[in-house]
Amino acid sequence: MKKLLIFSILAFSFAKVSAQQVWTLQQCIDYAMEHNTGILQSQLQQQNADYQLKMSQNAWLPTVSANASEGLGFGQSPSYTGVYVSDNSSSASVGLNVSMPLFQGLNIYNNTKADQLNLLATTQDLEAAKRDLSLTIMAYYMDVVYCKELKGVAERQLELSENQHQRTQELFEVGKVPESNVYESAAQVASDRASLTEAENNLMLRLLDLTQAMEIDNIEDFDVVAPDRFMTEDELPLASAQTTIQHALSHQPEMLSAQYKLEQAQYELKAAKSAWYPSLSLYGGYSNGYYHYFTDGSTNVPFSEQIKTNGRTQVGVSLNIPIFNGMQTKYRVKMTELGIDNQQLNIENTSKKLKKEIQQAYYNAVAAKQKYVAAENSLTSSQLAYEYSQAGYEAGKSTLMELNESKNRLYKAESSLLQAKYEYLYRCKVMAFYNE
């Protein structure tokens, strides 16, 4: 029975661990890309732009339509010979019409080019949205990994405190330290246990932030895997701000999108001006009909005979010359010219914004690197200080308070190093995004 109970407990624990899904950074980003509503909306806009382009490309194709009608005539009614007669009648007709544009002032061509550029712009907008989402997910992911390691530091600090409390109890029992040291060490254990609880709560909140950004409803059994190791300084190259800016101005999706939209507006202006030019179209059609008279004594030609004789085919060319349309074309052109000016300003604003972002990202990375180096030195010093304090306490040369203060400084140094490490890693990743 006891073996069965142990086996059941082990099996339950294994099942719980197996059910827990551990996510890598790339898996988190991929999931967010598939479920983020902003990304999905951008994809719909891209698809809509693609359909708009296909419509423009197919505008050269002929249009075909069919028609049919049935009517009653009273008094003067048309006959199948084309002469009106004094008789009540019914008539039926069917027809097929075809038309195809030959020349419209290059309107179709310019609209097609504008829609091609619009598709390119929406594609770059989608890429920009994906980049921003990737940075957001990466920031939350780094926070989670940082809190996981901070929790590990808190656990080690609690273990040190518990060991120190046990050692103090042993020293008290042999009369080497006063009883107050036992209570003081117990208080330190309680304090470190509270710090561990706080670290666990912070980790849970950071996991919540990440899952919400990924749009996962349930955070139960969700966890992330920390990188196997922290990249060395040589593996985190940091390009200069000026080099990054020059690269970003010609490669970043928001800049490419703004440039495509400017070119799109220029073609839209050409399309608007095409309304001043004549248009030429080719048309053709076929029609047929049947006539029936109701007055007694009227002669009705059989249906089959009328179908043979009433058919009519026509082919022609239609020329339309615009003369005056209430100044509509003039002001449509003016409005399009204003759109070009506005888009030029948008390119300038996008460029300025991008430069500011890169400069800020660069100096944040430089500061993070300096902070990381300083935190490494601080941890080394704090570690040595704690070891000396521990040895001094064992030898009775330092007090328990001094030892606890040294341990607390070590805890803060470890925490600061973790924070600096992940901040530096994130800042370098941000700069890498701008250099892609």
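Got a sec to turn the phi values of segment 142-150 into Karplus ³J(HN,Hα) couplings, 6.51 cos²θ - 1.76 cosθ + 1.60 with θ = phi - 60°, whole Hz, x for Gly and Pro?
Residue by residue, segment 142-150 yields 4, 4, 5, 5, 4, 5, 5, 5, 5 Hz.
Considering only Asn342, Asn288, Thr399, whose Cα is most displaced toward the positive end of the charge dipole of segment 279-436, charges sitting on Cβ of Lys, Arg (+1) and Asp, Glu (-1)?
Going by the Cα projections, it comes out as Asn342.
Say the dipole of segment 83-226 comes from +1 at the beta carbon of Lys and Arg and -1 at that of Asp and Glu; which of Leu150, Ser185, Thr168 then lies farthest toward its positive end?
The residue sitting farthest along the positive end of the dipole is Leu150.
Rounded to the nearest 10 degrees, what's the angle between the helix 400-434 long axis and the longest principal axis of the chain, both from Cα atoms, 0 to 90?
20
Give, in nm to one decimal, the length gained when the segment between Leu249 and Leu338 is fully stretched (0.36 nm per residue of separation minus the Cα-Cα distance).
29.6 nm
In degrees from 0 to 90, rounded to the nearest 10, what is the angle of the helix 37-57 Cα long axis to the longest principal axis of the chain?
30
Out of [x] 21.7; [y] 18.6; [z] 42.7, which label holds the value of mean projected area of the Cα convex hull in nm² that was computed here?
[z]
Where does the longest stretch of the chain lie that holds no chymotrypsin sites (Phe, Trp or Tyr not before Pro) found in a DSSP loop with 13 or fewer other Cβ atoms within 10 Å?
Result, exposed sites excluded: 75-323.
Eigenvalues of the Cα gyration tensor times 5, then square-rooted: what semi-axes does that give for segment 226-383, in whole angstrom, largest first?
76, 25, 12
Can you give the convex hull volume of the alpha carbon atoms of segment 270-329 per residue, in Å³?
It is 151 Å³ per residue.
Restricting to Cα pairs below 8 Å that are 6+ residues apart, what does the relative contact order work out to for the chain? Please round to a whole percent.
That works out to 23 percent.
Would you mind working out the magnitude of the charge dipole of the chain relative to its Cα centre, with +1 at each Lys and Arg C-beta and -1 at each Asp and Glu C-beta, to the nearest 20 Debye?
The dipole of the chain has a size of about 1360 debye.
Alpha carbon centre of segment 131-185 versus segment 284-311: separation in Å?
If you average the Cα positions of each part, the centres end up 102 Å apart.
In the chain, what % of DSSP beta bridges are antiparallel (nearest 5)?
Within the chain, antiparallel bridges account for around 90 percent of the total.
As a test of the formula, what do you get for the chain when each DSSP H run with n ≥ 4 contributes -39,500 (n - 2.57) and the sum is divided by the residue count, at 222 nm and rounded to the nearest 500 deg cm²/dmol?
Theoretical 222 nm ellipticity from helices: -24500 deg cm²/dmol.
List the aspartates and glutamates whose alpha-carbon lies under 12 Å from that of Lys270, not counting same-chain residues fewer than 8 positions away?
Those aspartates and glutamates meeting the cut-off are Glu337.
Show the residues, 5+ positions off or on another chain, whose built amide H is closer than 5 Å to the amide H of Asn435.
The answer is none.
For Met55 and Leu96, FRET efficiency with R0 = 30 Å and r from the beta-carbon atoms, rounded to 0.05?
0.80
Relative to the Cα centre, what is the charge dipole magnitude of segment 64-215, using +1 at the beta carbon of each Lys and Arg, -1 at the beta carbon of each Asp and Glu, and rounding to the nearest 20 debye?
620
Angle, helix 25-35 long axis vs. longest principal axis of the chain, Cα atoms, 0 to 90°, nearest 10?
Once rounded, the angle reads 30 degrees.
Scan around Asp223 for amide H atoms under 5 Å from its own, H built in the peptide plane at 1.01 Å from N, and keep only partners 5 or more places away or cross-chain.
Amide H neighbours of Asp223: Gln21, Trp23.
With no solvent and one equal point scatterer per Cα, compute the Debye intensity ratio I(q)/I(0) for segment 18-132 at 0.10, 0.20, 0.23 Å⁻¹ and report its log10, rounded to two decimals.
The computed values of log10 I(q)/I(0) come out as -0.63, -1.06, -1.18.
Please name which of Ala194, Phe433, Ala49 has its Cα lying farthest along the dipole of the chain towards the positive end, using unit charges on Cβ (Lys, Arg +1; Asp, Glu -1) and the Cα centre as origin.
Ala49
All of the numbers you see were taken from the coordinates with simple rules; none came from a lab. Nothing here was measured: the structure is a model prediction, and the numbers come from that model. Here the Cβ is made from the backbone with ideal geometry for all residues, glycine too, and neighbour counts use every protein chain on show.
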